[in-house]
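Shown below is the structure under consideration.
The values are calculated or read from the model by the stated rules, or taken from the named source; none is laboratory data. Note that this is a predicted model, so its numbers are computed, not measured. Cβ sites come from the backbone with ideal geometry, for glycine too, and all protein chains shown count toward neighbours. Keep in mind that these areas ignore ligands, DNA and RNA; they rest on the heavy atoms of the full protein, side chains included. Shrake-Rupley method; radii C 1.70, N 1.55, O 1.52, S 1.80 Å.
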Amino acid sequence: MTLFKFFVIILPIMIEEGKMRCPESFPERLRNRLSNYVSIRTPSGLSWIVSVIKSSDGYLYLGGPGWVDFATHHSLAFGHFLVFDCKQVDLFEVIICAQSGVEISYPAADLPNPSNDEMSPAEDLLEEFHETIFVLKSDRTIGPL
């Protein structure tokens, strides 16, 4: 169910200040029901928890570390066009269009990059598997692999 939709064009000041101003016409009935945080979700299924900032001059912003992470992850830049679909008071689905007007290809989730000295859990399992195969082969309890 959609409560309302709005769009925002990314301006340089939004990148500099690390926050995005919502339209002045953001529905009053929802403005008063917003908590301090909302979730924004892209078509990739990834979500970010962003701060809701209610300024003294009456404007509503999405910001904080969650917004900065979202903007960085999607390489938001001047001229990007974002369409927000408010599904619940605390959930916005968003699509992002590049300056060309075409929806972007959404990046995958950032995966941790272990240092060369550390093995990931998957690498640990793979090494353990290889050691098990070696032991089994050397004991001749199984046929050739």
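Could you tell me whether Pro65 is assigned to a loop (DSSP other than H, G, I, E, B), loosely packed, with under 15 Cβ neighbours inside 10 Å and either acidic (Asp, Glu) or more than 9 Å from the chain's Cα centre (by Cα) (or both)?
No: the conditions fail for Pro65.
Residues in the stretch 114-121: is at least one part of a helix (DSSP H, G or I), farther than 22 Å from Ile10 by Cα and either at pLDDT below 95 or polar (S, T, N, Q) (or both)?
Scanning the stretch 114-121, I find at least one residue that is part of a helix (DSSP H, G or I), farther than 22 Å from Ile10 by Cα and either at pLDDT below 95 or polar (S, T, N, Q) (or both), so the answer is yes.
Kindly check whether there is at least one residue in the stretch 9-17 that is more than 22 Å from Ser100 (Cα to Cα) and open to solvent by less than 20 Å² (accessible area, probe 1.4 Å).
no
So is Gly101 surrounded by 13 or more Cβ atoms within 10 Å (Cβ to Cβ) and more than 14 Å from the chain's Cα centre (by Cα) or not?
no
Val50 passes all but one of (1) in a strand (DSSP E or B); (2) open to solvent by 30 Å² or more (accessible area, probe 1.4 Å); which number fails?
Single failed check for Val50: (2).
Out of Ser39, Ser25, Ser44, I need the residue that is closer than 19 Å to Asp90 by Cβ and of a type in the set (S, T, N, Q). Which one?
Ser39
Every residue in the stretch 20-46 that is basic (Lys, Arg) and open to solvent by less than 60 Å² (accessible area, probe 1.4 Å), please.
Across the stretch 20-46, the qualifying residue is only Arg31.
Among residues belonging to the stretch 4-42 that are basic (Lys, Arg) and part of a loop (DSSP other than H, G, I, E, B), point out the one that is nearest to Asp57 (Cα to Cα).
So the residue we want is Lys19.
Anything in the stretch 76-90 that is at pLDDT below 95 and either among the charged types (D, E, K, R) or within 17 Å of the chain's Cα centre (by Cα) (or both)? List them, or say none.
Cys86, Lys87, Asp90 - these are the residues of the stretch 76-90 that are at pLDDT below 95 and either among the charged types (D, E, K, R) or within 17 Å of the chain's Cα centre (by Cα) (or both).
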